[in-house]
Amino acid sequence: MLQRLVRVRAIAVAISSSSPKISSPYSIPPTFTRTLTFTLSRLSSTMASTDDSLRKSLADKHAAVEAQGNTVRALKAAGAPKPEIDAAIEALNALKLEKASIERSLLGGSETREAFRQAVVNTLERRLFYIPSFKIYRGVAGLFDYGPPGCAVKSNVLSFWRQHFVLEENMLEVDCPCVTPEIVLKASGHVDKFTDLMMKDEKTGTCYRADHLLKDFCNEKLQRDPTLSSYKIAELKHVLATLDDLSAEELGAKIRDYGIVAPETKNALSDPYPFNLMFQTSIGPSGLSPGFMRPETAQGIFVNFKDLYYYNGNKLPFAAAQIGQAFRNEISPRQGLLRVREFTLAEIEHFVDPQDKSHPKYAEVADLEFLMFPREQQMSGQSAKRILLRDAVSKGIVNNETLGYFIGRVYLFLTRLGIDSGRLRFRQHLANEMAHYAADCWDAEIECSYGWIECVGIADRSAYDLRAHSDKSGVPLVAHEKFSEPKEVEKLVITPVKKELGLAFKGNQRMVVEALEAMPEKEALDMKAALESKGEVEFQVCTLEKNVTIKKTMVTIQKEIKKEHQRVFTPSVIEPSFGIGRIIYCLFEHTFYTRPSKAGDEQLNVFSFPSLVAPIKCTVFPLVQNQKYEEVAKLISKSLTAAGISHKIDTTGTSIGKRYARTDELGVPFAITVDSTSSVTIRERDSKDQVRVDVEKAATVVKEVTEGHRTWEDVWLNFPHHSSTSADD
Ligand code: AMP
């Protein structure tokens, strides 16, 4: 979706202190008892009052440190006895420690959040879920590789996406090139407007995102400066809340007012200026045909609308979908997988008649209830609250049924993947965030250690994109509604006088005729008025990339009563756009927990992935190194392969407890341990419960339970339980 404000807001809102937050403990899956080392919960209202009282304590402590510092200096100057000076220094140090502790609390648990994040990221990188790209050459900011388990998780997420959306809705999937000619992105507006404001260190040339500099400054001040007056606090909070509305000049003025300099060097900064985020290239060897790496996949669908509509039997509504790489040359990528320079997008463009935005399957999701954060609640400083989707649509909070339908489907998609519903909310765009043409926009935001992150944008973009490409290409991207009986309608009829146009424009006549015929009504009426008053008018013909002069004799424009057999219109488009990397990262955080080893001497990491996304569904371990057990393990492995269940055999002599711990860290949900030649045990990752199953049945049971045909509770009820001390190691 083209809209810089929207893009920037994704993370700006998430961490802006003005954005009310809801509490959301990093929860424990309900059925299992476990020790969760990191619990992170925050409640915005209590936080605000706690913040105020902490800020006051910090101011008091700051004053006490200053006073004690003066005492120490005075004692030294007066040549006081050493024990007296030492005692005063000790008191000073104690005060400094207390001050530091208040500063830490004021950071609002950010240290806990960072420690949690570090634990997750260390595990992810150590187990090769993802790796900084080109690491041996010190890497490149904003580029990451997925390693084997990461690839498997991503591929599972994408195949579930295809099943949940493409298959369920009979969507038309396409796969378009990443390299895109300039004209396409000129029409969509990306060439002119897909920018972030950048500032440069005047001496070293290091680049910064202007809004990030201002945001970091405000947050830092709010968190660390004990001397701030309540007036200043309100001002800084206001700046954070309105950051996205500031023009380049206003942003520059604020940054100058606050004396913000380059963070590392303290050098002066340039004025902010727009930086286009697209990677530019040229197509072919001549260098004459400019192109860009696509910043989103949507344009590939829009330009194919005409053919897709035909393929769909000229019927609306229908949706097209595309999964592919998108490229954005982010100015200063940070926050790991959340803001990168190349990422996978999965986008849906659902084309619908603007006069009928009902959805035949809306009833299937209408009774879902989840956290929604409508515009009104945001403006009045309230928190997100649980709302029944049906109510949100019927009260007009959500603009239409189709948009509501997709919000509901996105909720189901994310929660089935394993996203915690308590840390998922749908936030409506504020009026200033939305493009002027958009009817309504909602972001699915997921809370993680970085705050609330926009992971899916769901927008009703009206007819903007198809119109933009119709205008630029001269190809009408429209739909037709056939009437059962002809209707009499008053119509503006544009009739180009081909003979006159031929004489004036020769070989270009066809392009001028098409452009005249494609004029929107308002433009045609303006032309008619201008021709009547002045006799001629300048007219832009996009396909010729120039203006031509149209004279009164070259076209007639008049209203006529006509019999119409069909209505021709530009469809509206409802666009759910999924940032796959962001969803996966949030999923990593939501499923990660630690539990103590049996000996209690270390913390073991676990990813509690649902089977649907787990990179490997099952491991097979011979309990001890023994040829008979290994043969049984190979037999089971063969059956698992035949059943299409991804698995891994581990025949190393490592203790079974260590082998379990290794696979828990990869989020493998089930482990088959071969401890006899007739039956084996199956262990469930989170409960660590084990059942005993005949060798021949083991693969089938694992298949049933990983594919969701059977629950673990059902398996637990129907098979003998196995308890072993080693299993719990
Ligand atoms: P947008 O077209 O800006 O609305 O972006 C669509 C989706 O792409 C967002 O909801 C994000 O999930 C994701 N996204 C946008 N920018 C980035 C980025 N730099 N890195 C990773 N994901 C991104």
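When you look at Thr706, is it of a type in the set (S, T, N, Q), over 21 Å from Val624 (Cα atoms) and open to solvent by 10 Å² or more (accessible area, probe 1.4 Å), yes or no? Yes; evaluated as a whole, the condition is true for this residue. Only one of the numbered conditions (1) closer than 20 Å to Leu414 by Cα; (2) touching a residue at least 12 places away in the same chain (Cβ under 8 Å); (3) of a type in the set (S, T, N, Q) is violated by Gln163, and that is (2).
Remark: pairs (first residue in segment 133-149, farther than 15 Å from Thr123 by Cα; second residue within 14 Å of the ligand (Cβ to nearest atom) and assigned to a helix (DSSP H, G or I); Cβ separation under 8 Å; 6+ apart in sequence or on different chains) = Phe144/Gly336; Phe144/Leu337; Phe144/Gly581.
Residue-level check: of (1) in a helix (DSSP H, G or I); (2) within 16 Å of the ligand (Cβ to nearest atom); (3) not hydrophobic (A, V, I, L, M, F, W, C), Glu249 misses just (2).
A single entry from Glu347, Glu330 fulfils the requirement of being in a loop (DSSP other than H, G, I, E, B), touching a residue at least 60 places away in the same chain (Cβ under 8 Å) and of a type in the set (Asp, Glu): Glu330.
Checked against (1) at pLDDT below 95; (2) open to solvent by 50 Å² or more (accessible area, probe 1.4 Å), Pro177 passes all but a single condition, namely (1). Residue selection: Val157 fails the criterion of being modelled with pLDDT of 95 or more, aliphatic (A, V, I, L, M) and open to solvent by 50 Å² or more (accessible area, probe 1.4 Å). The set of residues in segment 511-555 being open to solvent by 90 Å² or more (accessible area, probe 1.4 Å) and in a loop (DSSP other than H, G, I, E, B) consists of Glu545 alone. Quick check, is Lys598 within 30 Å of Phe483 (Cβ to Cβ), touching a residue at least 40 places away in the same chain (Cβ under 8 Å), surrounded by fewer than 19 Cβ atoms within 10 Å (Cβ to Cβ) and of a type in the set (D, E, K, R)? When the stated conditions are applied, Lys598 does not pass them. Of the residues that sit in segment 422-446 and are open to solvent by 20 Å² or more (accessible area, probe 1.4 Å) and within 17 Å of Pro374 (Cα to Cα), which one is farthest from the ligand (Cβ to nearest atom)? Here the answer is Gly422. All conditions in (1) outside any loop (DSSP other than H, G, I, E, B); (2) of a type outside the set (Val, Ile, Thr); (3) under 23 Å from the mean Cα position of the chain (by Cα) hold for Ala363, with the sole exception of (3).
Among the residues making up segment 458-484, those that are out of contact with any strand residue (DSSP E or B) (no Cβ under 9 Å at 6 or more places or on another chain) and either within 16 Å of the ligand (Cβ to nearest atom) or not β-branched (Val, Ile, Thr) (or both) are Arg467, Ala468, His469, Ser470, Asp471, Lys472, Ser473, Leu477, Ser484. Under the condition of being open to solvent by less than 30 Å² (accessible area, probe 1.4 Å) and not small (Gly, Ala, Ser), the residues counted in segment 270-282 number 3.
Among the residues of segment 286-309, at least one is of a type in the set (S, T, N, Q), more than 14 Å from the ligand (Cβ to nearest atom), free of Cβ contacts under 8 Å to residues at least 40 places away in the same chain and surrounded by fewer than 18 Cβ atoms within 10 Å (Cβ to Cβ).
The values are calculated or read from the model by the stated rules, or taken from the named source; none is laboratory data. Worth saying up front: this structure is predicted, and the values here are computed from it rather than measured. As a convention, Cβ positions derive from the backbone with ideal geometry for all residues, glycine included, and neighbour counts pool all protein chains shown. The protein model used for the area step is the full one, side chains on, heavy atoms only, and it has no ligands, DNA or RNA in it. Shrake-Rupley method; radii C 1.70, N 1.55, O 1.52, S 1.80 Å.
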